[in-house]
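Only one structure is covered here, and it is reproduced in the block below.
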Amino acid sequence: MLPAAVGLLMGCESIDCTLNNVVLCHYSFANHLGQDISFGGQLTITAEGTDSVLINRLTNAKGFSLPMSYVNDADTLVLTLQDGDSQFQTRIYIEKQNTPHFESPDCPAVMFHHITAVGCDADGIVDSLTITKASVNYQSDENVKIYFHTAD
């Protein structure tokens, strides 16, 4: 009788919330030929229209991961690249649809996203962006590839 009572009590205590409930958009870097690259300089990223630094002086980066806004239909990131004495700044745009995701009333709500379009300043050092996986959720797959203008 005792094992049945213990099993019954343990069954009532269980909450199946996802342990990794952070939703991040994953960006990677490539050159104009599509080859993955790492940026040897320093990368600082801010959200346009704010003074918040999202990533500060990231070095030897092959990419980065950031959360997306919960309520905006588009995010604009300002990338500042410092390489020696040279500094370059460019903006990238990510248009998306936001979908609330609930697993259980006992678990915190999160926002999943579906990327619909990406773009960048025409005069920046970023050549283009592509969507590699439009669904932004708990998975750590690459979502956006950023192609840089590079010397041949």
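The values are calculated or read from the model by the stated rules, or taken from the named source; none is laboratory data. Since the model is a prediction, treat every value here as computed from it, not as a measurement. Every residue, glycine among them, receives a Cβ derived from its backbone with ideal geometry; neighbour counts consider all protein chains shown. Keep in mind that these areas ignore ligands, DNA and RNA; they rest on the heavy atoms of the full protein, side chains included. Shrake-Rupley method; radii C 1.70, N 1.55, O 1.52, S 1.80 Å.
So here's what we get for this one:
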| item | result |
| --- | --- |
| Over the chain, relative contact order from alpha-carbon pairs under 8 Å, at least 6 apart, % | 25 |
| Distance between segment 49-90 and segment 96-120 - C-alpha centres, whole angstrom | 21 |
| Test item: Cα-centred dipole of the chain, Lys/Arg +1 and Asp/Glu -1 on Cβ, debye | 180 |
| Surface share of carbon and sulfur [accessible, 1.4 angstrom probe, percent] for the chain | 52 |
| Ser104-Leu58 pseudo-label distance in nm [points 7 Å out on the Cα-to-Cβ vector] | 3.3 |
| The chain: antiparallel DSSP beta bridges as a percent of all, rounded to 5 | 90 |
| Probe 1.4 Å - accessible area at Ile125, Å² to nearest ten | 40 |
| Degrees, to the nearest 10: 2-13 long Cα axis against longest axis of the chain | 40 |
| Percentage of interatomic Cα-Cα distances in segment 102-152 larger than 12 Å | 71 |
| Helix-only [θ]222 nm of the chain, DSSP H runs n ≥ 4, -39500 (n - 2.57) each, per residue, nearest 500 | -2500 deg cm²/dmol |
| Interatomic Cα distance distribution for the chain, bins of 5 angstrom, percent | 2, 8, 16, 19, 17, 11, 7, 5, 4, 3, 3, 2, 2, 1, 0, 0 |
| Accessible solvent surface per residue of the chain, calculated while the other protein chains remain in place, 1.4 angstrom probe, Å² | 61 |
